[in-house]
Ligand code: FAD
(Lines give C-alpha, C1' and ligand atoms only; values in the text may rest on other atoms or scores of the structure.)
Protein backbone atom coordinates (compact mmCIF):
# COMPACT_ATOMS: atom_id res chain seq x y z
CA UNK A 1 0.00 0.00 0.00
CA UNK A 2 2.86 2.37 0.80
CA UNK A 3 4.56 1.99 -2.57
CA UNK A 4 2.07 4.10 -4.59
CA UNK A 5 2.08 6.84 -1.89
CA UNK A 6 5.88 6.99 -2.00
CA UNK A 7 5.89 7.06 -5.79
CA UNK A 8 3.43 9.99 -5.65
CA UNK A 9 5.66 11.68 -3.04
CA UNK A 10 8.63 11.24 -5.39
CA UNK A 11 6.94 13.80 -7.67
CA UNK A 12 5.93 16.31 -4.94
CA UNK A 13 8.05 19.44 -4.56
CA UNK A 14 6.73 20.07 -1.04
CA UNK A 15 7.72 16.61 0.19
CA UNK A 16 11.00 16.92 -1.72
CA UNK A 17 11.88 20.04 0.32
CA UNK A 18 10.86 18.36 3.58
CA UNK A 19 12.80 15.14 3.01
CA UNK A 20 15.86 16.79 1.44
CA UNK A 21 16.13 19.29 4.29
CA UNK A 22 15.92 16.77 7.15
CA UNK A 23 19.34 16.27 8.70
CA UNK A 24 18.68 12.59 9.39
CA UNK A 25 18.03 11.89 5.71
CA UNK A 26 21.67 12.05 4.62
CA UNK A 27 23.06 8.86 6.19
CA UNK A 28 20.20 6.87 4.66
CA UNK A 29 20.64 8.51 1.29
CA UNK A 30 24.35 7.66 1.42
CA UNK A 31 23.49 3.98 1.44
CA UNK A 32 21.95 4.26 -2.04
CA UNK A 33 23.79 7.24 -3.60
CA UNK A 34 27.57 7.29 -4.11
CA UNK A 35 27.83 11.00 -3.26
CA UNK A 36 27.03 14.49 -4.50
CA UNK A 37 30.09 14.88 -6.71
CA UNK A 38 32.30 13.18 -9.29
CA UNK A 39 35.23 12.45 -6.90
CA UNK A 40 32.93 10.44 -4.59
CA UNK A 41 31.44 8.59 -7.57
CA UNK A 42 34.90 7.67 -8.89
CA UNK A 43 35.96 6.49 -5.42
CA UNK A 44 32.87 4.24 -5.25
CA UNK A 45 33.68 2.81 -8.69
CA UNK A 46 37.27 2.05 -7.66
CA UNK A 47 36.03 0.22 -4.55
CA UNK A 48 33.60 -1.84 -6.63
CA UNK A 49 36.24 -2.73 -9.21
CA UNK A 50 38.56 -3.91 -6.45
CA UNK A 51 35.75 -6.31 -5.45
CA UNK A 52 35.36 -7.62 -9.00
CA UNK A 53 32.15 -5.62 -9.62
CA UNK A 54 31.88 -3.36 -12.68
CA UNK A 55 29.85 -0.15 -12.72
CA UNK A 56 27.34 1.86 -14.68
CA UNK A 57 27.19 5.46 -13.48
CA UNK A 58 24.06 7.60 -13.35
CA UNK A 59 24.42 11.35 -12.90
CA UNK A 60 21.17 12.18 -11.11
CA UNK A 61 19.02 14.83 -12.74
CA UNK A 62 15.40 14.32 -13.79
CA UNK A 63 12.51 16.56 -14.84
CA UNK A 64 14.40 19.37 -16.56
CA UNK A 65 12.36 22.49 -17.35
CA UNK A 66 14.48 24.08 -20.08
CA UNK A 67 17.13 23.30 -22.68
CA UNK A 68 19.91 24.96 -20.66
CA UNK A 69 19.34 22.49 -17.82
CA UNK A 70 19.34 19.62 -20.32
CA UNK A 71 22.69 20.84 -21.66
CA UNK A 72 24.10 21.05 -18.13
CA UNK A 73 23.10 17.44 -17.51
CA UNK A 74 24.67 16.36 -20.81
CA UNK A 75 27.86 18.23 -19.87
CA UNK A 76 27.97 16.47 -16.51
CA UNK A 77 28.12 13.17 -18.44
CA UNK A 78 30.84 14.50 -20.72
CA UNK A 79 32.90 15.45 -17.64
CA UNK A 80 32.20 12.04 -16.14
CA UNK A 81 33.38 10.20 -19.26
CA UNK A 82 36.44 12.39 -19.51
CA UNK A 83 37.30 11.53 -15.90
CA UNK A 84 36.70 7.80 -16.46
CA UNK A 85 39.07 7.94 -19.44
CA UNK A 86 41.71 9.92 -17.54
CA UNK A 87 41.60 7.46 -14.62
CA UNK A 88 41.73 4.44 -16.95
CA UNK A 89 38.34 3.17 -15.73
CA UNK A 90 36.64 2.96 -19.13
CA UNK A 91 37.16 -0.81 -19.32
CA UNK A 92 35.13 -1.40 -16.16
CA UNK A 93 32.62 1.44 -16.04
CA UNK A 94 29.94 2.62 -18.45
CA UNK A 95 27.18 5.22 -18.03
CA UNK A 96 23.39 5.10 -17.72
CA UNK A 97 21.39 8.02 -19.04
CA UNK A 98 17.82 9.14 -18.34
CA UNK A 99 16.62 10.93 -21.46
CA UNK A 100 14.28 13.10 -19.35
CA UNK A 101 17.43 14.68 -17.91
CA UNK A 102 18.48 15.49 -21.50
CA UNK A 103 15.19 17.30 -22.18
CA UNK A 104 13.03 14.50 -23.63
CA UNK A 105 9.92 15.91 -21.91
CA UNK A 106 10.28 19.43 -23.36
CA UNK A 107 8.58 20.62 -26.57
CA UNK A 108 10.84 19.27 -29.37
CA UNK A 109 12.42 17.23 -26.58
CA UNK A 110 12.88 14.12 -28.70
CA UNK A 111 15.46 15.80 -30.94
CA UNK A 112 17.10 17.62 -28.02
CA UNK A 113 17.49 14.37 -26.07
CA UNK A 114 18.76 12.54 -29.16
CA UNK A 115 21.40 15.21 -29.79
CA UNK A 116 22.54 15.14 -26.16
CA UNK A 117 22.66 11.34 -26.03
CA UNK A 118 24.59 11.26 -29.29
CA UNK A 119 27.30 13.51 -27.83
CA UNK A 120 27.51 11.24 -24.78
CA UNK A 121 27.74 8.09 -26.97
CA UNK A 122 30.60 9.70 -28.93
CA UNK A 123 32.45 10.53 -25.70
CA UNK A 124 31.86 7.00 -24.40
CA UNK A 125 33.15 5.45 -27.63
CA UNK A 126 36.27 7.61 -27.40
CA UNK A 127 37.24 5.92 -24.12
CA UNK A 128 36.08 2.45 -25.20
CA UNK A 129 32.94 2.24 -23.13
CA UNK A 130 29.17 2.21 -23.62
CA UNK A 131 25.95 4.03 -22.77
CA UNK A 132 22.69 2.48 -21.59
CA UNK A 133 19.41 4.41 -21.91
CA UNK A 134 17.38 4.00 -18.72
CA UNK A 135 13.63 3.55 -19.20
CA UNK A 136 11.21 5.91 -17.48
CA UNK A 137 7.40 6.03 -17.42
CA UNK A 138 5.41 4.32 -20.19
CA UNK A 139 4.67 7.55 -22.07
CA UNK A 140 8.37 7.79 -22.96
CA UNK A 141 8.97 4.23 -24.21
CA UNK A 142 8.30 4.83 -27.94
CA UNK A 143 10.50 7.93 -27.99
CA UNK A 144 13.28 6.20 -26.04
CA UNK A 145 13.30 3.14 -28.30
CA UNK A 146 13.30 5.40 -31.39
CA UNK A 147 16.30 7.30 -29.98
CA UNK A 148 17.98 3.98 -29.23
CA UNK A 149 17.53 2.87 -32.85
CA UNK A 150 19.05 6.16 -34.08
CA UNK A 151 22.02 5.89 -31.72
CA UNK A 152 22.65 2.25 -32.55
CA UNK A 153 23.33 3.12 -36.19
CA UNK A 154 26.67 4.66 -35.19
CA UNK A 155 27.03 3.12 -31.72
CA UNK A 156 25.60 -0.40 -31.96
CA UNK A 157 26.49 -1.28 -28.38
CA UNK A 158 24.20 1.40 -26.92
CA UNK A 159 22.02 -0.40 -24.39
CA UNK A 160 18.28 -0.32 -23.73
CA UNK A 161 16.21 -1.03 -20.64
CA UNK A 162 12.99 -3.02 -20.87
CA UNK A 163 10.47 -3.09 -18.01
CA UNK A 164 8.80 -6.48 -17.56
CA UNK A 165 5.69 -4.92 -15.96
CA UNK A 166 4.67 -3.32 -19.28
CA UNK A 167 2.35 -5.52 -21.33
CA UNK A 168 4.19 -4.53 -24.54
CA UNK A 169 7.60 -5.68 -23.31
CA UNK A 170 7.57 -9.26 -24.61
CA UNK A 171 7.26 -7.85 -28.14
CA UNK A 172 10.00 -5.28 -27.48
CA UNK A 173 12.24 -8.04 -26.08
CA UNK A 174 11.77 -10.11 -29.25
CA UNK A 175 12.63 -7.09 -31.41
CA UNK A 176 15.78 -6.36 -29.39
CA UNK A 177 17.07 -9.92 -28.94
CA UNK A 178 19.40 -9.49 -31.89
CA UNK A 179 23.16 -9.60 -32.47
CA UNK A 180 25.06 -6.87 -30.60
CA UNK A 181 21.99 -5.55 -28.77
CA UNK A 182 22.50 -4.89 -25.05
CA UNK A 183 19.26 -5.08 -23.08
CA UNK A 184 18.84 -4.58 -19.33
CA UNK A 185 15.69 -6.33 -18.17
CA UNK A 186 14.11 -4.86 -15.01
CA UNK A 187 10.72 -5.29 -13.36
CA UNK A 188 9.90 -1.55 -13.57
CA UNK A 189 9.91 1.22 -10.97
CA UNK A 190 7.11 3.65 -11.93
CA UNK A 191 3.41 3.71 -11.06
CA UNK A 192 1.65 2.63 -14.24
CA UNK A 193 -2.04 2.09 -15.04
CA UNK A 194 -3.50 -1.40 -15.52
CA UNK A 195 -4.20 -0.58 -19.17
CA UNK A 196 -0.46 -0.74 -19.92
CA UNK A 197 1.13 -2.65 -17.03
CA UNK A 198 0.65 -5.79 -14.95
CA UNK A 199 -0.30 -4.79 -11.41
CA UNK A 200 0.31 -7.84 -9.22
CA UNK A 201 3.75 -8.96 -8.10
CA UNK A 202 3.00 -12.46 -9.40
CA UNK A 203 2.09 -11.23 -12.89
CA UNK A 204 5.18 -9.03 -13.02
CA UNK A 205 7.42 -11.91 -11.95
CA UNK A 206 5.87 -14.21 -14.57
CA UNK A 207 6.34 -11.54 -17.24
CA UNK A 208 9.96 -11.05 -16.14
CA UNK A 209 10.62 -14.78 -16.51
CA UNK A 210 9.05 -14.84 -20.00
CA UNK A 211 11.08 -11.84 -21.18
CA UNK A 212 14.26 -13.23 -19.66
CA UNK A 213 13.76 -16.45 -21.60
CA UNK A 214 13.32 -14.49 -24.86
CA UNK A 215 16.49 -12.46 -24.26
CA UNK A 216 18.61 -15.41 -23.15
CA UNK A 217 17.47 -17.49 -26.16
CA UNK A 218 18.23 -14.63 -28.56
CA UNK A 219 21.46 -13.33 -30.06
CA UNK A 220 21.81 -10.16 -27.96
CA UNK A 221 23.57 -9.37 -24.70
CA UNK A 222 21.07 -9.66 -21.80
CA UNK A 223 21.69 -7.64 -18.64
CA UNK A 224 19.70 -9.07 -15.73
CA UNK A 225 18.76 -6.00 -13.66
CA UNK A 226 17.26 -7.56 -10.55
CA UNK A 227 17.97 -8.36 -6.90
CA UNK A 228 15.43 -11.16 -6.91
CA UNK A 229 17.10 -14.50 -6.04
CA UNK A 230 14.54 -16.37 -8.16
CA UNK A 231 15.29 -14.30 -11.25
CA UNK A 232 19.03 -14.63 -10.72
CA UNK A 233 18.72 -18.40 -10.37
CA UNK A 234 16.52 -18.59 -13.47
CA UNK A 235 19.05 -16.51 -15.42
CA UNK A 236 21.87 -18.87 -14.40
CA UNK A 237 19.80 -21.89 -15.48
CA UNK A 238 18.84 -20.30 -18.81
CA UNK A 239 22.44 -19.24 -19.48
CA UNK A 240 23.59 -22.83 -18.90
CA UNK A 241 20.69 -24.20 -20.95
CA UNK A 242 21.44 -21.97 -23.92
CA UNK A 243 25.18 -22.58 -23.63
CA UNK A 244 26.00 -18.93 -22.93
CA UNK A 245 29.53 -18.26 -21.70
CA UNK A 246 30.04 -15.69 -18.93
CA UNK A 247 30.99 -12.82 -21.27
CA UNK A 248 27.71 -13.03 -23.21
CA UNK A 249 25.39 -11.70 -20.48
CA UNK A 250 25.71 -9.93 -17.14
CA UNK A 251 23.94 -9.32 -13.86
CA UNK A 252 23.21 -5.80 -12.64
CA UNK A 253 22.14 -4.55 -9.21
CA UNK A 254 21.71 -1.16 -7.63
CA UNK A 255 24.50 0.39 -5.57
CA UNK A 256 23.97 -0.38 -1.88
CA UNK A 257 21.51 -3.23 -2.45
CA UNK A 258 22.54 -6.85 -1.83
CA UNK A 259 26.25 -5.95 -1.82
CA UNK A 260 27.22 -9.38 -0.50
CA UNK A 261 25.33 -11.04 -3.36
CA UNK A 262 27.12 -8.78 -5.84
CA UNK A 263 30.47 -9.90 -4.45
CA UNK A 264 29.35 -13.55 -4.38
CA UNK A 265 28.44 -13.49 -8.07
CA UNK A 266 31.77 -11.84 -8.87
CA UNK A 267 33.63 -14.48 -6.86
CA UNK A 268 31.79 -17.20 -8.84
CA UNK A 269 33.28 -15.69 -11.99
CA UNK A 270 30.02 -14.15 -13.17
CA UNK A 271 29.94 -10.69 -14.72
CA UNK A 272 28.18 -8.31 -12.37
CA UNK A 273 27.75 -4.54 -12.61
CA UNK A 274 26.48 -2.12 -9.98
CA UNK A 275 24.33 0.85 -11.00
CA UNK A 276 25.98 3.78 -9.24
CA UNK A 277 23.92 6.99 -8.93
CA UNK A 278 25.58 10.22 -7.84
CA UNK A 279 24.76 13.92 -7.80
CA UNK A 280 22.87 16.44 -5.71
CA UNK A 281 19.49 15.75 -7.37
CA UNK A 282 18.93 12.43 -5.61
CA UNK A 283 15.35 12.84 -4.36
CA UNK A 284 13.33 11.06 -7.11
CA UNK A 285 15.75 8.12 -7.28
CA UNK A 286 15.82 7.78 -3.49
CA UNK A 287 12.01 7.78 -3.16
CA UNK A 288 11.66 5.08 -5.84
CA UNK A 289 14.04 2.87 -3.85
CA UNK A 290 11.95 3.41 -0.68
CA UNK A 291 8.77 2.58 -2.60
CA UNK A 292 10.18 -0.71 -3.80
CA UNK A 293 10.84 -2.32 -0.48
CA UNK A 294 9.35 -1.88 2.99
CA UNK A 295 12.71 -2.83 4.54
CA UNK A 296 14.33 0.18 2.86
CA UNK A 297 11.58 2.37 4.27
CA UNK A 298 12.00 0.86 7.74
CA UNK A 299 15.72 1.61 7.53
CA UNK A 300 14.89 5.22 6.63
CA UNK A 301 12.30 5.67 9.40
CA UNK A 302 14.61 4.09 11.99
CA UNK A 303 17.11 6.84 11.30
CA UNK A 304 14.56 9.35 12.66
CA UNK A 305 14.29 7.49 15.96
CA UNK A 306 17.96 6.61 16.49
CA UNK A 307 19.48 10.06 16.12
P1 FAD B 1 11.80 -6.98 -6.15
O2 FAD B 1 10.50 -7.59 -6.56
O3 FAD B 1 11.83 -5.58 -5.67
O4 FAD B 1 12.46 -7.85 -5.02
C5 FAD B 1 12.45 -9.27 -5.18
C6 FAD B 1 13.34 -9.89 -4.14
O7 FAD B 1 14.67 -9.40 -4.26
C8 FAD B 1 12.95 -9.58 -2.73
O9 FAD B 1 11.89 -10.40 -2.29
C10 FAD B 1 14.27 -9.88 -2.00
O11 FAD B 1 14.45 -11.27 -1.88
C12 FAD B 1 15.29 -9.34 -3.00
N13 FAD B 1 15.61 -7.94 -2.66
C14 FAD B 1 15.15 -6.84 -3.27
N15 FAD B 1 15.66 -5.73 -2.69
C16 FAD B 1 16.44 -6.15 -1.69
C17 FAD B 1 17.22 -5.50 -0.68
N18 FAD B 1 17.27 -4.16 -0.58
N19 FAD B 1 17.89 -6.25 0.19
C20 FAD B 1 17.82 -7.60 0.14
N21 FAD B 1 17.08 -8.27 -0.76
C22 FAD B 1 16.41 -7.57 -1.66
N23 FAD B 1 13.56 0.57 -13.26
C24 FAD B 1 13.05 1.29 -14.27
O25 FAD B 1 11.81 1.48 -14.34
N26 FAD B 1 13.87 1.82 -15.24
C27 FAD B 1 15.21 1.60 -15.24
O28 FAD B 1 15.91 2.08 -16.15
C29 FAD B 1 15.77 0.83 -14.19
N30 FAD B 1 17.10 0.57 -14.14
C31 FAD B 1 17.56 -0.30 -13.19
C32 FAD B 1 18.91 -0.68 -13.22
C33 FAD B 1 19.36 -1.68 -12.38
C34 FAD B 1 20.78 -2.13 -12.45
C35 FAD B 1 18.45 -2.30 -11.45
C36 FAD B 1 18.90 -3.41 -10.55
C37 FAD B 1 17.15 -1.88 -11.36
C38 FAD B 1 16.69 -0.88 -12.21
N39 FAD B 1 15.37 -0.45 -12.16
C40 FAD B 1 14.89 0.32 -13.19
C41 FAD B 1 14.51 -0.76 -10.99
C42 FAD B 1 13.68 -2.01 -11.23
O43 FAD B 1 12.66 -1.72 -12.16
C44 FAD B 1 13.03 -2.49 -9.92
O45 FAD B 1 12.19 -1.49 -9.43
C46 FAD B 1 14.01 -2.87 -8.85
O47 FAD B 1 15.13 -3.50 -9.36
C48 FAD B 1 13.36 -3.83 -7.84
O49 FAD B 1 13.00 -5.03 -8.48
P50 FAD B 1 13.78 -6.43 -8.24
O51 FAD B 1 13.87 -7.13 -9.54
O52 FAD B 1 15.06 -6.18 -7.58
O53 FAD B 1 12.79 -7.27 -7.36
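The values are calculated or read from the model by the stated rules, or taken from the named source; none is laboratory data. Keep in mind that this is a model prediction, so the values were computed, not measured. As a convention, Cβ positions derive from the backbone with ideal geometry for all residues, glycine included, and neighbour counts pool all protein chains shown.
Couple of notes before you dig in:
- Sole residue being assigned by TED's automatic domain parsing to the domain that holds residue 216, without any contact (Cβ under 8 Å) to a residue 24 or more places away in the chain and within 18 Å of the chain's Cα centre (by Cα), chosen from 166, 148, 185: 148
Per-residue answers, yes or no, for (1) touching a residue at least 60 places away in the same chain (Cβ under 8 Å); (2) surrounded by 17 or more Cβ atoms within 10 Å (Cβ to Cβ); (3) within 15 Å of the ligand (Cβ to nearest atom):
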residue: 72; (1), (2), (3): no, no, no
residue: 85; (1), (2), (3): no, no, no
residue: 89; (1), (2), (3): no, yes, no
residue: 100; (1), (2), (3): no, yes, yes
residue: 114; (1), (2), (3): no, yes, no
residue: 122; (1), (2), (3): no, no, no
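- Condition broken by residue 209, with the remaining ones in (1) within 20 Å of the chain's Cα centre (by Cα); (2) surrounded by fewer than 19 Cβ atoms within 10 Å (Cβ to Cβ); (3) away from the ligand (no atom under 11 Å from the Cβ); (4) closer than 28 Å to residue 50 by Cα satisfied: (4)
- Within segment 257-281, being within 12 Å of the ligand (Cβ to nearest atom), farther than 20 Å from residue 163 by Cβ and buried (at least 19 other Cβ atoms within 10 Å of the Cβ) holds for 262, 272, 276.
- Restricting attention to segment 235-255, the residues being surrounded by fewer than 11 Cβ atoms within 10 Å (Cβ to Cβ) and closer than 11 Å to residue 271 by Cβ number 2.
- Top-ranked residue in segment 50-64 [being more than 18 Å from the chain's Cα centre (by Cα) and in contact (Cβ under 8 Å) with a residue 12 or more places away in the chain; ranked as farthest from residue 264 (Cα to Cα)]: 64
- When segment 45-70 is filtered for residues that are within 16 Å of the ligand (Cβ to nearest atom) and assigned to a helix (DSSP H, G or I), the ones remaining, listed by number, are 45, 48.
- Qualifying position, being on the phi < 0 side of the Ramachandran plot and at pLDDT below 90, among 38, 42, 2, 48: 2
- Pick from segment 150-164, criterion within 19 Å of residue 99 (Cβ to Cβ) and in a loop (DSSP other than H, G, I, E, B), ranking: nearest to the ligand (Cβ to nearest atom): 158
- Residues of segment 171-198 satisfying the condition of being over 24 Å from residue 289 (Cβ atoms), within 15 Å of the ligand (Cβ to nearest atom) and part of a loop (DSSP other than H, G, I, E, B): none
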